Amino acid sequence: MNTPAASWVRSAVDLVFPRNCQICTTALEESEHGVICAACLGTVKWIEPPFCRQCASPFAGAVTGEMWHCGYCQDLHFQFSQAVAATRAEGVVRDAIHRLKYNREMYYATHLQAWLLAAAQRWIDWRAWDGIVPVPLHPRKHREREFNQATVLAEALGAAVNRPVWPTALRRVKDTATQTKLHAKERVQNLRGAFVARRADSVAGKRVVLVDDVFTTGATLDGCAKVLRVAGAVDVLALTVARGI
């Protein structure tokens with residue numbers, strides 16, 4: 001029904017969710033949700049087996065079994081027992097993550113949440129996991145950004161899989177330099193002592209899914225998982241939208 005009220009509502013929605021694809025500018029169909037068109041969504045590179053059980057890195061060759069440990073992980077001892085990532089951190093996915101995080105274009109959250117949920121439902125048996133913890137931001141960065149993308153993802157995931165989200169379980173106490181240009185060993189050093197348990201009672205004796213947007217070297221997720229383990233978590237699984245390759 002095309003009433004003035006309906007037109008006003010549609011105009012308001014269009015301000016929040018632009019009706020042109022924000023990647024290629026093609027006009028979106030009425031049936032398309034979010035801000036990325038079907039053609040651009042079709043370029044997303046999903047992580048399919050075989051991929052590393054520990055860091056979610058995909059492998060192009062033939063490997064016995066769906067999940068294995070890659071060369072990168074052979075000499076590493078992550079504090080999370082397994083990592084799951086939905087997509088490769090490139091193209092449309094990388095653009096969506098950056099625009100959400102750095103430009104506050106919140107309408108991209110719809111797509112990030114959908115990608116995360118697709119992997120979470122495909123690869124995780126939620127009967128075995130008790131709750132979800134988002135990777136925290138330092139308070140200064142949180143004030144600047146006005147939101148934590150990991151919490152945005154975790155809350156949508158928790159609602160979809162019917163698991164509690166514990167956003168205050170961890171606190172970031174070290175205002176670290178950006179990790180973007182650091183190598184793996186530098187990232188580990190940069191994050192040493194960066195996280196503490198804020199609500200240890202919420203994770204003690206629990207199996208926890210740790211959520212973030214991107215797995216690059218695993219240093220951030222490992223630092224958080226270590227603190228969760230010390231706080232009494234019996235197992236930690238790392239779940240991200242994307243895996244840097």
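Where does each of 235-242, 148-155, 68-75, 136-143 land if you order them by average Cβ count within 10 Å, highest first? Mind showing how you got there, number by number?
Values: 235-242: 26.0, 148-155: 21.8, 68-75: 12.5, 136-143: 14.8.
Most protected by this proxy first, the peptides run 235-242, 148-155, 136-143, 68-75.
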Open item on the list: Which order do the peptides 78-88, 94-104, 109-119 come out in when sorted by mean C-beta neighbours inside 10 angstrom, highest first?
Closed with: 78-88, 109-119, 94-104
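Taking the Cα centre of segment 101-155 as origin, sum charge times position over the Cβ atoms of Lys and Arg (+1) and Asp and Glu (-1), and report the length of that vector in debye to the nearest 20.
For this selection, approximately 220 debye.
Once the piece of chain linking Ala204 and Arg143 is laid out straight, how much longer is it, given 0.36 nm per residue of separation minus the C-alpha distance between them?
On the way: separation 61, 0.36 × 61 = 21.96 nm, distance 2.91 nm.
So the chain would gain 19.1 nm between Ala204 and Arg143.
Contour minus end-to-end for Ala118 and His77, with contour as 0.36 nm per residue of separation and end-to-end as the Cα-Cα distance?
Result: 12.0 nm gained on full extension.
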Task: Given charges at beta-carbon only (K, R positive; D, E negative), |dipole| of segment 44-243 in Debye - done: 540
- [ ] Positive end of the charge dipole of segment 44-243 (Lys, Arg +1 and Asp, Glu -1 on Cβ, about the Cα centre): tell me which of Ala89, Val203, Ala128 has its Cα farthest that way.
- [x] Val203
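We did not get these values from a lab; they are worked out from the coordinates using the rules stated. For clarity, every value in this text was computed on a predicted model and none was experimentally measured. Neighbour counts run over all protein chains shown; Cβ positions are idealised from the backbone, glycine included.
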